[in-house]
1. Sort out which residues of the stretch 121-149 are part of a helix (DSSP H, G or I) and within 12 Å of the chain's Cα centre (by Cα), and write them in order of number.
2. Go through the stretch 98-119 and give me each residue that's part of a loop (DSSP other than H, G, I, E, B) and either without any contact (Cβ under 8 Å) to a residue 12 or more places away in the chain or closer than 14 Å to S8 by Cα (or both).
3. Here are some conditions: (1) modelled with pLDDT under 95; (2) within 10 Å of the ligand (Cβ to nearest atom); (3) surrounded by fewer than 18 Cβ atoms within 10 Å (Cβ to Cβ). I75 meets all but one. Which one does it not meet?
4. Have a look at D57, D92, D64 and point out the one that is over 14 Å from the mean Cα position of the chain (by Cα), open to solvent by less than 50 Å² (accessible area, probe 1.4 Å) and either within 16 Å of I13 (Cβ to Cβ) or among the acidic types (D, E) (or both).
Amino acid sequence: MEQSLFHSKTAVIVVDMLNDFVKGELSWEQSRAIVPPIQSLLSSARQKGAPVFYCNDCHVPGIDPELKLWGDHAIAGTEGAEIVSELAPQKDDYVIPKHCYSAFFQTDLQWILTSLGIENLIITGLYTNICVRHTAADAFCWGYQIYIPKDCVSAFTAEEYETDIAYLKTVYGAIILSSDEIK
Ligand code: ZN
(Lines give C-alpha, C1' and ligand atoms only; values in the text may rest on other atoms or scores of the structure.)
Protein backbone atom coordinates (compact mmCIF):
# COMPACT_ATOMS: atom_id res chain seq x y z
CA MET A 1 0.00 0.00 0.00
CA GLU A 2 1.46 3.34 -0.96
CA GLN A 3 0.22 6.44 0.80
CA SER A 4 0.44 9.88 -0.67
CA LEU A 5 0.10 11.58 2.66
CA PHE A 6 2.42 14.53 2.69
CA HIS A 7 0.09 17.25 1.59
CA SER A 8 -1.39 20.24 3.30
CA LYS A 9 -3.84 18.23 5.41
CA THR A 10 -1.30 15.96 7.08
CA ALA A 11 0.95 16.65 10.07
CA VAL A 12 3.62 14.51 11.74
CA ILE A 13 3.61 14.23 15.53
CA VAL A 14 6.80 13.21 17.35
CA VAL A 15 6.03 12.18 20.93
CA ASP A 16 8.65 12.29 23.70
CA MET A 17 11.84 11.65 21.72
CA LEU A 18 13.71 13.19 24.64
CA ASN A 19 17.10 12.43 26.19
CA ASP A 20 15.55 10.80 29.28
CA PHE A 21 13.54 8.35 27.14
CA VAL A 22 16.00 7.71 24.34
CA LYS A 23 19.35 7.85 26.15
CA GLY A 24 18.62 8.06 29.88
CA GLU A 25 17.19 5.84 32.62
CA LEU A 26 13.81 5.34 30.94
CA SER A 27 15.34 4.24 27.65
CA TRP A 28 16.11 0.91 26.10
CA GLU A 29 17.57 -0.18 22.78
CA GLN A 30 14.24 -0.12 20.95
CA SER A 31 13.76 3.56 21.73
CA ARG A 32 17.09 4.27 20.04
CA ALA A 33 16.25 2.03 17.07
CA ILE A 34 13.35 4.25 16.02
CA VAL A 35 15.53 7.39 15.72
CA PRO A 36 16.80 6.80 12.12
CA PRO A 37 13.35 5.99 10.62
CA ILE A 38 11.84 9.05 12.36
CA GLN A 39 14.73 11.14 11.05
CA SER A 40 14.06 10.13 7.46
CA LEU A 41 10.26 10.50 7.85
CA LEU A 42 10.72 14.05 9.15
CA SER A 43 13.04 14.94 6.35
CA SER A 44 10.46 13.79 3.75
CA ALA A 45 7.69 15.64 5.61
CA ARG A 46 9.67 18.89 5.65
CA GLN A 47 10.58 18.55 1.96
CA LYS A 48 6.91 18.17 1.09
CA GLY A 49 5.81 20.99 3.41
CA ALA A 50 3.94 18.85 5.97
CA PRO A 51 4.10 20.45 9.43
CA VAL A 52 6.08 18.67 12.15
CA PHE A 53 5.03 18.82 15.82
CA TYR A 54 7.26 17.76 18.69
CA CYS A 55 5.06 17.02 21.70
CA ASN A 56 7.28 16.74 24.73
CA ASP A 57 6.94 15.88 28.39
CA CYS A 58 7.98 18.99 30.26
CA HIS A 59 7.16 18.09 33.84
CA VAL A 60 6.75 20.38 36.82
CA PRO A 61 8.10 18.72 39.98
CA GLY A 62 5.54 18.29 42.73
CA ILE A 63 2.65 19.11 40.39
CA ASP A 64 2.38 16.73 37.44
CA PRO A 65 0.58 13.53 38.50
CA GLU A 66 2.72 11.26 36.29
CA LEU A 67 5.78 11.89 38.46
CA LYS A 68 4.17 10.21 41.47
CA LEU A 69 3.71 7.06 39.43
CA TRP A 70 6.90 6.95 37.35
CA GLY A 71 9.37 9.01 39.37
CA ASP A 72 11.05 12.15 38.09
CA HIS A 73 11.62 12.29 34.34
CA ALA A 74 11.72 14.96 31.64
CA ILE A 75 11.72 17.75 34.21
CA ALA A 76 11.26 21.18 32.62
CA GLY A 77 14.56 22.94 32.01
CA THR A 78 16.77 19.84 32.37
CA GLU A 79 18.85 18.16 29.66
CA GLY A 80 16.69 15.05 30.06
CA ALA A 81 13.67 17.01 28.80
CA GLU A 82 15.45 18.11 25.61
CA ILE A 83 14.74 16.52 22.22
CA VAL A 84 17.58 14.17 21.21
CA SER A 85 20.14 15.98 19.07
CA GLU A 86 19.62 13.59 16.10
CA LEU A 87 16.03 14.83 15.82
CA ALA A 88 16.62 18.50 16.64
CA PRO A 89 13.66 20.64 15.55
CA GLN A 90 14.08 22.92 12.58
CA LYS A 91 12.94 26.46 11.93
CA ASP A 92 9.34 25.81 10.89
CA ASP A 93 8.61 22.95 13.31
CA TYR A 94 6.28 23.32 16.28
CA VAL A 95 7.41 22.39 19.78
CA ILE A 96 4.54 21.69 22.20
CA PRO A 97 5.28 21.09 25.89
CA LYS A 98 2.91 18.72 27.69
CA HIS A 99 2.31 17.74 31.32
CA CYS A 100 0.66 14.36 30.95
CA TYR A 101 0.54 11.46 28.51
CA SER A 102 -1.60 12.97 25.76
CA ALA A 103 -0.17 15.63 23.48
CA PHE A 104 -3.65 17.20 23.46
CA PHE A 105 -4.14 17.56 27.22
CA GLN A 106 -3.97 21.27 28.19
CA THR A 107 -1.73 22.15 25.22
CA ASP A 108 -2.03 24.32 22.09
CA LEU A 109 -1.87 21.31 19.76
CA GLN A 110 -5.54 21.06 18.81
CA TRP A 111 -5.83 24.81 18.25
CA ILE A 112 -2.83 24.89 15.90
CA LEU A 113 -3.89 21.73 14.00
CA THR A 114 -7.35 23.21 13.47
CA SER A 115 -5.88 26.52 12.32
CA LEU A 116 -3.75 24.67 9.77
CA GLY A 117 -6.71 22.62 8.49
CA ILE A 118 -5.03 19.31 9.37
CA GLU A 119 -7.12 16.12 8.95
CA ASN A 120 -4.51 13.34 9.11
CA LEU A 121 -1.95 12.72 11.84
CA ILE A 122 1.10 10.53 11.49
CA ILE A 123 2.00 9.70 15.09
CA THR A 124 5.55 8.59 15.98
CA GLY A 125 7.66 8.29 19.13
CA LEU A 126 7.39 6.86 22.64
CA TYR A 127 5.80 4.86 24.08
CA THR A 128 3.31 2.96 21.94
CA ASN A 129 1.32 1.86 24.98
CA ILE A 130 1.46 5.13 26.94
CA CYS A 131 1.87 8.61 25.41
CA VAL A 132 1.38 7.52 21.79
CA ARG A 133 -1.78 5.68 22.83
CA HIS A 134 -3.22 8.58 24.84
CA THR A 135 -2.38 11.02 22.05
CA ALA A 136 -4.08 8.69 19.57
CA ALA A 137 -7.15 8.49 21.82
CA ASP A 138 -7.63 12.26 21.77
CA ALA A 139 -6.72 12.49 18.07
CA PHE A 140 -9.47 9.97 17.35
CA CYS A 141 -12.02 11.87 19.45
CA TRP A 142 -11.17 15.10 17.59
CA GLY A 143 -11.84 13.31 14.31
CA TYR A 144 -8.36 12.88 12.86
CA GLN A 145 -7.40 9.92 10.70
CA ILE A 146 -4.42 8.37 12.46
CA TYR A 147 -1.44 6.75 10.75
CA ILE A 148 1.13 4.83 12.78
CA PRO A 149 4.41 4.01 11.04
CA LYS A 150 5.21 0.87 12.98
CA ASP A 151 8.99 1.31 12.74
CA CYS A 152 8.69 4.79 14.31
CA VAL A 153 7.03 3.80 17.62
CA SER A 154 8.25 1.63 20.46
CA ALA A 155 7.07 0.03 23.72
CA PHE A 156 9.06 -1.46 26.61
CA THR A 157 8.49 -5.05 25.48
CA ALA A 158 7.68 -6.75 22.20
CA GLU A 159 4.45 -8.05 23.72
CA GLU A 160 3.26 -4.58 24.78
CA TYR A 161 4.20 -3.29 21.34
CA GLU A 162 2.15 -5.92 19.49
CA THR A 163 -0.83 -5.59 21.85
CA ASP A 164 -0.89 -1.85 21.51
CA ILE A 165 -0.45 -1.71 17.76
CA ALA A 166 -3.52 -3.97 17.56
CA TYR A 167 -5.36 -1.73 20.05
CA LEU A 168 -4.61 1.45 18.05
CA LYS A 169 -5.91 -0.24 14.94
CA THR A 170 -9.07 -1.68 16.50
CA VAL A 171 -10.12 1.13 18.82
CA TYR A 172 -8.95 4.26 16.99
CA GLY A 173 -9.04 3.01 13.39
CA ALA A 174 -5.32 3.76 13.03
CA ILE A 175 -3.77 2.76 9.74
CA ILE A 176 -0.62 0.80 10.54
CA LEU A 177 2.11 0.93 7.94
CA SER A 178 5.85 1.17 7.51
CA SER A 179 7.51 4.61 7.32
CA ASP A 180 8.87 3.88 3.84
CA GLU A 181 5.29 3.42 2.60
CA ILE A 182 4.58 7.07 3.45
CA LYS A 183 5.44 9.26 0.50
ZN1 ZN B 1 5.99 11.99 31.60
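The values are calculated or read from the model by the stated rules, or taken from the named source; none is laboratory data. All values reported here derive from a predicted model rather than from experimental measurement. All Cβ positions, glycine included, derive from the backbone under ideal geometry; neighbour counts span all protein chains shown. Heavy atoms of the whole protein, side chains included, go into the accessibility calculation; ligands, DNA and RNA do not. Shrake-Rupley method; radii C 1.70, N 1.55, O 1.52, S 1.80 Å.
1. C131, V132, R133, H134, T135, A136, A139
2. Residues satisfying the conditions are Q106, G117, I118, E119.
3. (1)
4. One residue alone meets the criteria, D64.
Residue-by-condition table, conditions (1) within 21 Å of L168 (Cβ to Cβ); (2) open to solvent by less than 30 Å² (accessible area, probe 1.4 Å); (3) more than 15 Å from the ligand (Cβ to nearest atom); (4) among the β-branched types (V, I, T):
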residue: W70; (1), (2), (3), (4): no, no, no, no
residue: S85; (1), (2), (3), (4): no, no, yes, no
residue: A88; (1), (2), (3), (4): no, no, yes, no
residue: H99; (1), (2), (3), (4): no, no, no, no
residue: S102; (1), (2), (3), (4): yes, yes, no, no
residue: D108; (1), (2), (3), (4): no, no, yes, no
residue: N120; (1), (2), (3), (4): yes, yes, yes, no
residue: G125; (1), (2), (3), (4): yes, yes, no, no
residue: C131; (1), (2), (3), (4): yes, yes, no, no
